[in-house]
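**Q** Here you go, one structure.
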Ligand code: NAD
Ligand code: UDP
Ligand code: UDP
């Protein structure tokens with residue numbers, strides 16, 4: 001073994017994506033909780049390329065080492081296996097707090113854990129921010145608006161959430177997470193930013209994610225029935241992940257402390273969305289309606305006036321472009337899992 005290790009150490013060093021050099025004044029130590037997940041790993045990429053030091057904390061419930069493996073061993077990168085429900089003591093300048101299951105099947109799988117993660121986990125993150133005087137961005141959600149009675153949803157809308165329904169562990173968890181942020185801001189002078197994220201999709205979504213984008217694309221690629229829950233008249237507005245990451249970084253850099261919607265205002269019904277995916281993937285899949293989800297929000301579309309005005313941000317990637325990239329990602333994932341099954 002000694003011989004093998006020595007020969008590996010002297011062999012060509014590992015190659016990484018190119019990162020900018022930042023001097024110590026501009027280089028920040030940035031913690032990303034949930035950084036091995038879908039959105040978090042894209043945020044890692046952008047912040048690493050900008051030249052910052054990035055520390056990912058993740059319990060790998062839905063995240064994967066594979067999402068950040070291209071940075072493992074890089075001198076600016078650290079990956080810590082840790083559950084944010086437990087306290088965390090490290091020294092950092094900024095925190096992006098994303099740790100939480102995000103898809104309905106995942107957050108409903110263990111509702112108590114989802115609540116703990118969004119309450120106790122957020123308290124730990126805010127306690128950490130207070131001790132080291134770090135700025136924190138909380139990844140909140142359009143779910144704080146519940147099944148909305150106002151359309152599209154501006155940040156001033158207080159929401160319409162069933163506090164005891166199957167989605168409550170997530171919706172109320174995120175609402176408490178927001179409440180905690182403003183309590184720490186007021187009482188402890190912690191600098192907080194709150195992003196209310198609307199449906200986001202893109203490469204690195206988990207194959208078993210269970211959200212509509214991955215379900216429909218995988219069903220179409222496998223020539224299976226595309227399952228629309230309910231009558232398909234409910235609406236969503238989908239944003240591509242790179243737009244979200246740009247918005248989160250702009251929000252962190254801004255002086256604005258109130259919640260900001262980050263989403264793409266182009267809205268469609270889920271029935272129309274099934275047709276779009278079927279057409280882009282091609283193949284013989286048929287679209288069928290199945291049992292409706294309990295408490296499924298009927299309409300969702302962000303009002304992004306605030307983000308446009310304050311962050312000069314708006315989504316850039318059209319749905320078709322984003323979906324093509326995501327379809328090609330899932331095609332590769334399917335080929336990869338077939339290869340694993342064969343070997
Ligand atoms: P994801 O499931 O891919 O990522 C969540 C990450 O958090 C995973 O890596 C998971 O392992 C980790 N995690 C979960 N519980 C943890 C715990 N207790 N301790 C440490 N790590 C933990 O989901 P995503 O889509 O990347 O979502 C990221 C964040 O953005 C979440 O907070 C989610 O609520 C929020 N959000 C996402 C969307 C979306 O459409 N993707 C919409 C609204 C809000
Ligand atoms: N905390 C943490 N890391 C730190 C500082 C605090 O995880 O660097 C946790 C701490 O364990 C506590 C929570 O954050 O449970 C809230 O901290 P705060 O200082 O607000 O509360 P207190 O410690 O006074 O109860
Ligand atoms: N949906 C569907 N078929 C699926 C998965 C989801 O029709 O296989 C519907 C779901 O009922 C909801 C919408 O698609 O109306 C978005 O669901 P998703 O779980 O992606 O996210 P949500 O916005 O509900 O958190």
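The values are calculated or read from the model by the stated rules, or taken from the named source; none is laboratory data. Just so we're clear, the structure is a prediction, and the values are computed from it rather than from any experiment. So basically every Cβ, Gly included, is an ideal-geometry build from the backbone, and we count neighbours across all protein chains shown.
**Q** Can you confirm whether residue 93 is more than 26 Å from residue 209 (Cβ to Cβ) and either under 18 Å from the mean Cα position of the chain (by Cα) or touching a residue at least 24 places away in the same chain (Cβ under 8 Å) (or both)? Quick ask: steps written out before the conclusion?
**A** Values: more than 26 Å from residue 209 (Cβ to Cβ): yes; either under 18 Å from the mean Cα position of the chain (by Cα) or touching a residue at least 24 places away in the same chain (Cβ under 8 Å) (or both): yes.
Yes: the conditions hold for residue 93.
**Q** For the range 253-295, enumerate the residues that are crowded, with 16+ Cβ neighbours inside 10 Å and within 16 Å of ligand 1 (Cβ to nearest atom).
**A** 259, 260, 261, 262, 263, 264, 265, 267, 268, 270, 273
**Q** Does residue 55 meet the test of being touching a residue at least 24 places away in the same chain (Cβ under 8 Å), within 16 Å of ligand 2 (Cβ to nearest atom), closer than 24 Å to residue 19 by Cα and part of a loop (DSSP other than H, G, I, E, B)? So that I can check it myself, show each step before the final result.
**A** Values: touching a residue at least 24 places away in the same chain (Cβ under 8 Å): yes; within 16 Å of ligand 2 (Cβ to nearest atom): yes; closer than 24 Å to residue 19 by Cα: yes; part of a loop (DSSP other than H, G, I, E, B): no.
When the stated conditions are applied, residue 55 does not pass them.
**Q** Just the residues that are closer than 19 Å to residue 137 by Cβ and surrounded by fewer than 20 Cβ atoms within 10 Å (Cβ to Cβ), please, taken from the range 200-215.
**A** none
**Q** Output yes when any residue across the range 160-176 is in contact with a helix residue (DSSP H, G or I) (Cβ under 8 Å, 6 or more places away or on another chain) and within 16 Å of residue 306 (Cβ to Cβ), and no when none is.
**A** No: the range 160-176 contains no residue that is in contact with a helix residue (DSSP H, G or I) (Cβ under 8 Å, 6 or more places away or on another chain) and within 16 Å of residue 306 (Cβ to Cβ).
**Q** Please specify each residue of the range 1-26 satisfying the condition of being within 20 Å of residue 246 (Cβ to Cβ) and without any contact (Cβ under 8 Å) to a residue 40 or more places away in the chain. Please lay out each step first, then the result.
**A** Of the residues in the range 1-26, the ones within 20 Å of residue 246 (Cβ to Cβ) are 17-20, 22, 26.
Correct list: 18, 20, 22, 26.
**Q** Could you please give the count of residues in the range 123-145 that are within 16 Å of ligand 3 (Cβ to nearest atom) and touching a helix residue (DSSP H, G or I) at 6+ places or on another chain (Cβ under 6 Å)?
**A** So in the range 123-145, the residues within 16 Å of ligand 3 (Cβ to nearest atom) come out as 139-145.
From what is left, the residues that are touching a helix residue (DSSP H, G or I) at 6+ places or on another chain (Cβ under 6 Å) are 140-141, 143-144.
Summing the residues that are within 16 Å of ligand 3 (Cβ to nearest atom) and touching a helix residue (DSSP H, G or I) at 6+ places or on another chain (Cβ under 6 Å) in the range 123-145 gives 4.
**Q** Continuing with the same structure: Would it be correct to say that residue 236 is crowded, with 20+ Cβ neighbours inside 10 Å and either within 16 Å of ligand 1 (Cβ to nearest atom) or modelled with pLDDT of 95 or more (or both)? Spell out how you get there, then give the answer.
**A** Details: crowded, with 20+ Cβ neighbours inside 10 Å: yes; either within 16 Å of ligand 1 (Cβ to nearest atom) or modelled with pLDDT of 95 or more (or both): yes.
Taking the combined requirement at face value, the residue satisfies it.
**Q** State all residues of the range 1-48 that are more than 30 Å from residue 86 (Cα to Cα) and in a helix (DSSP H, G or I); if no residue qualifies, say none. Step through it out loud before you land on a result.
**A** First, the residues of the range 1-48 that are more than 30 Å from residue 86 (Cα to Cα): 1-26.
Within the range 1-48, 2, 3, 4, 5, 6, 7, 8, 9, 10 qualify.
**Q** State whether the residues of the range 103-115 include one that is surrounded by 15 or more Cβ atoms within 10 Å (Cβ to Cβ) and within 17 Å of residue 32 (Cα to Cα).
**A** no
**Q** Another one. Return the total of residues in the range 102-161 being under 25 Å from residue 207 (Cβ atoms), touching a residue at least 40 places away in the same chain (Cβ under 8 Å) and assigned to a loop (DSSP other than H, G, I, E, B).
**A** Selection size over the range 102-161: 2.
**Q** Which residues, counting only those in the range 3-20, are loosely packed, with under 10 Cβ neighbours inside 10 Å and under 38 Å from the mean Cα position of the chain (by Cα)?
**A** Initially, the range 3-20 is screened for residues loosely packed, with under 10 Cβ neighbours inside 10 Å, giving 3-5, 7-15, 18.
Once the filter is applied, which keeps residues that are loosely packed, with under 10 Cβ neighbours inside 10 Å and under 38 Å from the mean Cα position of the chain (by Cα), the range 3-20 yields 5, 8, 9, 11, 12, 13, 14, 15, 18.
**Q** Residues 58, 83: which one is out of contact with any helix residue (DSSP H, G or I) (no Cβ under 6 Å at 6 or more places or on another chain), more than 18 Å from residue 140 (Cα to Cα) and modelled with pLDDT of 95 or more?
**A** Numbers: 58 fails: more than 18 Å from residue 140 (Cα to Cα).
Among 58, 83, only 83 is out of contact with any helix residue (DSSP H, G or I) (no Cβ under 6 Å at 6 or more places or on another chain), more than 18 Å from residue 140 (Cα to Cα) and modelled with pLDDT of 95 or more.
**Q** Then there is this: Just give me the residues in the range 62-78 being over 19 Å from residue 13 (Cβ atoms), in contact (Cβ under 8 Å) with a residue 40 or more places away in the chain and surrounded by fewer than 18 Cβ atoms within 10 Å (Cβ to Cβ), in sequence order.
**A** 64 - this is the single residue of the range 62-78 that is over 19 Å from residue 13 (Cβ atoms), in contact (Cβ under 8 Å) with a residue 40 or more places away in the chain and surrounded by fewer than 18 Cβ atoms within 10 Å (Cβ to Cβ).
**Q** Within the range 135-151, which residues are away from ligand 1 (no atom under 16 Å from the Cβ) and over 21 Å from the mean Cα position of the chain (by Cα)?
**A** Those that are away from ligand 1 (no atom under 16 Å from the Cβ) and over 21 Å from the mean Cα position of the chain (by Cα): 149, 150, 151.
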